[in-house]
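Have a look at the structure below before the remarks.
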Amino acid sequence: MRYTSTRDKNVDVSSSWAIAQGISADGGLFVPVEIPKVSLDDIAAMANMSYVERAKRVLSLYLTDFTAEELAYCVEGAYGDNKFSSQDIAPIHELKAGEEILELWRGPTCAFKDMALQMLPRLMTVSVKKAVGTRETVILVATSGDTGKAALEGFKDVEGTKILVFYPDEGVSPMQKLQMTTQEGSNVAVCAIKGNFDDAQTGVKTIFTDKEIGKKLAEHGMAFSSANSINWGRLVPQIVYYFSAYCDMLKQGKISAGDRINFVVPTGNFGNILAVYYAREMGLPVDRLICASNKNRVLTDFFDTGVYDINRSFYTTSSPSMDILISSNLERLLFIASGYSDEFVREMMGDLKQKGKYTMPENVMSAINSVFCAGCCDDEGTKDTIKKTFEDYGYLCDTHTAVGINVYEKYAEKTGDKTPTVIDSTANPFKFSRSVLDAVEPGASEGLDEFSMVGELARVTKTSCPPQLADLRDKPVRFRDVCDRDSMEKAVFRLLGI
Ligand SMILES: *Cc1c(COP(=O)(O)O)cnc(C)c1O
């Protein structure tokens with residue numbers, strides 16, 4: 001399989017090159033030049049496989065320059081060793097007949113980013129060896145919470161890599177901060193920034209593209225790379241769990257081979273929902289893809305009107321991982337839906353940069369709307385859904401998952417669609433204890449610190465907090481560095497010891 005750029009079809013690289021490089025030099029995203037097909041017989045055969053075997057099957061179609069041994073190293077390393085709290089890795093849980101939850105947060109950091117970030121470091125070290133030769137890869141991350149921790153946990157002690165994470169001092173939850181500052185591993189470093197997430201992000205981007213800094217790293221046999229979701233190596237592991245969910249429904253007799261199902265995805269950067277679009281194009285029997293947003297409803301408006309417009313207010317919500325105005329991975333959908341037109345993508349992305357918006361031609365938009373639909377809900381709706389889901393089904397969900405359930409229930413009522421539907425659950429509820437506790441017991445979080453809230457949530461709901469979150473209370477803090485945006489460069493050199 002060869003890969004090209006969404007902004008320049010002359011680009012022609014291998015999968016290992018695409019993963020090692022992260023983003024194309026023209027600013028476009030790497031995409032496979034065609035989508036491999038999977039038959040119903042293949043899917044039926046996968047139903048009898050473990051998650052690890054299913055992953056090897058799907059990945060082998062895209063990472064054709066990886067040997068079977070290399071794929072095994074990546075997949076078994078990511079999902080083996082009891083790193084996930086479920087043998088099924090991404091289990092389905094029935095809310096009621098025809099409505100399933102796909103739990104994507106059984107990994108080490110309790111958020112769905114683990115599904116990809118447990119594998120990316122291995123994909124990357126194999127890719128770098130193949131495409132570039134020997135070098136040390138330095139992963140720089142600016143994070144508003146979940147990505148930083150999942151990347152640290154994925155890259156910790158991976159040979160040939162170092163990882164540095166910058167987070168806004170005032171911009172992450174107490175639990176998220178503790179998850180990062182107590183991080184173990186000999187190749188990791190974490191630093192707070194005096195400022196907000198945009199300051200951290202801008203600082204990282206500036207360092208990334210600075211030629212002098214790049215030269216200095218090269219002199220020490222190092223090069224930067226990125227762990228965020230524009231890297232193909234983060235997207236491809238996510239295609240697997242859509243096949244896996246379908247296979248589990250087959251195996252449990254909930255559907256027959258060939259029956260179509262819907263998926264609902266709480267969406268931020270459009271990576272997770274793009275993965276199920278790929279699965280569908282590969283031949284997985286999927287009907288509708290339902291894109292769920294919080295009050296930052298730029299995607300809902302896009303699917304409703306064909307206009308993507310970021311000239312609007314930004315809201316901080318109870319589902320912070322979806323507080324996003326520029327959904328980077330949408331670029332890949334535009335490329336595919338326009339018949340692989342790099343010219344079209346350049347035009348749209350040019351408009352986005354200059355005017356903060358672009359307008360889709362009707363024919364491309366109607367192709368998109370034949371697959372996708374979208375909805376959104378605010379924090380009140382999120383809260384009501386957490387409470388109602390707990391009362392009606394005894395199932396405690398986090399704020400992001402609640403947005404998905406809320407949007408699906410409105411969709412089902414409006415359309416009368418009875419197609420079996422799987423809703424992605426993207427975080428463990430204890431990661432967002434305050435919002436979840438206040439939803440099931442209004443006002444209960446008042447005056448409580450983070451771990452008292454965790455205890456109270458466990459008591460009220462008769463559930464238990466995952467040990468990797470509960471244990472943070474007694475873990476020593478390893479990283480206390482705080483720096484100004486202007487001194488991030490110095491911090492990088494200090495942390496790398498060069
Ligand atoms: C990152 C994240 C999302 C959004 O996923 P995208 O792939 O960016 O659309 C949703 N929920 C949680 C908990 C996340 O961490």
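The values are calculated or read from the model by the stated rules, or taken from the named source; none is laboratory data. Remember, predicted model here, so these are calculated numbers, not experimental data. So basically every Cβ, Gly included, is an ideal-geometry build from the backbone, and we count neighbours across all protein chains shown. Protein only, heavy atoms only, side chains kept; ligands, DNA and RNA dropped before computing areas. Shrake-Rupley method; radii C 1.70, N 1.55, O 1.52, S 1.80 Å.
Could you give the dipole magnitude of the range 216-291 about its Cα centre, charging the beta-carbon of Lys and Arg +1 and that of Asp and Glu -1, in debye to the nearest 20?
Numbers: 7 positive and 5 negative charges, 19 e Å.
Computed charge dipole of the range 216-291: roughly 80 debye.
Sort out for me the Cα centre separation of the range 142-213 from the range 96-116, rounded to whole Å.
24 Å
Using a 1.4 angstrom probe on the protein heavy atoms only, line up 226, 127 by accessible area, largest first.
226, 127
List the pairs from 388/475; 129/357; 56/490; 83/251; 355/388; 387/414 whose alpha-carbon separation is above 30 Å, in the order I gave them.
Values: 388/475 35 Å; 129/357 40 Å; 56/490 41 Å; 83/251 24 Å; 355/388 41 Å; 387/414 22 Å.
Result: 388/475; 129/357; 56/490; 355/388 exceed 30 Å.
Over what distance in Å are the Cα centres of the range 398-439 and the range 446-476 separated?
Here the answer is 22 Å between Cα centres.
Going by average Cβ density within 10 Å per residue, which order do the peptides 317-330, 368-381 take, highest to lowest? The partial results should precede the final answer.
On the way: 317-330: 21.0, 368-381: 18.2.
Going by the mean number of other Cβ atoms within 10 Å, highest first, we get 317-330, 368-381.
Below 8 Å between Cα atoms, with a sequence gap of 6+, how large is the relative contact order for the range 429-476 in percent?
Reported as a whole number, the value is 36 percent.
Could you size up the charge dipole of the chain around its Cα centre, putting +1 on the beta carbon of Lys and Arg and -1 on that of Asp and Glu, and report it in debye to the nearest 20?
Dipole size: approximately 700 debye.
Work out, in µm²/s and without decimals, the Stokes-Einstein translational diffusion coefficient of the range 4-81 at 37 °C, 0.692 mPa s, Rh from Kirkwood over C-alpha pairs. Walk me through the numbers before you get to the answer.
On the way: Rh = 14.1 Å.
Once the numbers are plugged in, D ends up at 232 µm²/s.
Charges at C-beta only: +1 for Lys and Arg, -1 for Asp and Glu. How large is the resulting dipole of the range 17-86 about its Cα centre, in Debye rounded to 20?
So the dipole magnitude of the range 17-86 works out to roughly 200 debye.
Taking a 1.4 Å probe, which of 93, 400, 220 shows the most accessible area, and what order do the others take after it? Write down the numbers at each step before the final one.
Details: 93 70, 400 5, 220 95 Å².
Sorted descending by solvent-accessible area, the residues read 220, 93, 400.
Decide, for the range 259-399, between rounded, prolate and oblate: order the square roots of the alpha carbon gyration tensor eigenvalues as a ≥ b ≥ c, take rounded if a/c falls under 1.5, and otherwise choose prolate if a/b is larger than b/c, else oblate.
Details: a/c = 2.50, a/b = 1.37, b/c = 1.83.
Oblate, because a/c is 1.5 or more while a/b does not exceed b/c.
How would you order 232-238, 455-461, 185-191 from highest to lowest mean count of nearby Cβ atoms within 10 Å?
Put in order of decreasing packing, that is 232-238, 185-191, 455-461.
Label the range 81-179 by shape, choosing from rounded, prolate and oblate, from the square roots a ≥ b ≥ c of the eigenvalues of the Cα gyration tensor; if a/c is under 1.5 it is rounded, and otherwise prolate applies when a/b is larger than b/c, oblate when it is not. Spell out each step's value before the answer.
On the way: a/c = 2.74, a/b = 1.40, b/c = 1.95.
Since a/c reaches 1.5 but b/c is at least a/b, the shape of the range 81-179 is classed as oblate.
So how far apart, in nm, are the two label points at residue 305 and residue 202 if each is 7 Å from Cα heading toward Cβ?
Roughly 2.7 nm, to one decimal.
Would you be so kind as to identify all helices of the chain, as entire DSSP H runs, whose Cα atoms reach 20 Å or more along the helix's own axis and whose mean Kyte-Doolittle hydropathy is at least -0.5? Intermediate values should be presented prior to the final figure.
Numbers: long enough: 232-251 (30 Å, 0.33); 379-393 (21 Å, -1.71); 399-415 (24 Å, -0.59).
Helix filter hits for the chain: 232-251.
Quote the accessible area belonging to residue 383 in square angstrom, nearest 10, computed with a 1.4 Å probe and with ligands, DNA and RNA left uncounted.
Result for residue 383: roughly 80 Å² accessible.
Once each part is reduced to its C-alpha centroid, what is the distance from the range 20-52 to the range 285-338 in angstrom?
If we compute the Cα centre of each part, the gap is 23 Å.
For the chain, which whole-number percentage of the solvent-accessible area (1.4 Å probe, protein heavy atoms only) is attributable to carbon and sulfur atoms?
On the chain, the fraction of accessible area on carbon and sulfur atoms equals 47 percent.
Can you pull the accessible area of residue 297 for me, 1.4 Å probe, Å² to the nearest 10?
90 Å²
Got a sec? Charge dipole of the chain, +1 on Cβ for Lys and Arg, -1 for Asp and Glu; which of 276, 119, 133 is way out at the positive end?
133
Under a cut-off of 13 Å between alpha-carbon atoms, report the aspartates and glutamates in cross-link reach of residue 295, not counting same-chain residues fewer than 8 places apart.
Within the straight-line limit of under 13 Å, residue 295 reaches these aspartates and glutamates: 323, 378, 379, 380.
Treating the range 213-280 as a set of equal point scatterers at the Cα positions, no solvent, please give the Debye-formula log₁₀ I(q)/I(0) at q = 0.12, 0.28, 0.29 Å⁻¹.
Here log10 of I(q) over I(0) equals -0.48, -1.19, -1.23.
How would the chain be classified by its alpha-carbon gyration tensor: rounded, prolate or oblate, with rounded meaning a/c under 1.5 and the a/b versus b/c comparison settling the rest?
Note, shape of the chain comes out rounded.
Only helical DSSP H runs with n ≥ 4 go in: add -39500 (n - 2.57) per run for the chain, normalise by residue count and round the 222 nm mean residue ellipticity to 500 deg cm²/dmol.
-13500 deg cm²/dmol
Order these peptides, 206-219, 142-155, by their mean beta-carbon neighbour count within 10 angstrom, highest first.
Per-residue Cβ counts within 10 Å, averaged per peptide and sorted highest first, yield 142-155, 206-219.
At a threshold of 8 angstrom on Cα-Cα distance, excluding pairs fewer than six apart, so keeping six or more, what relative contact order does the chain reach in percent?
Reported relative contact order: 18 percent.
To the nearest 10 Å², what's residue 452's accessible area with a 1.4 Å probe?
For residue 452, solvent-accessible area is about 50 Å².
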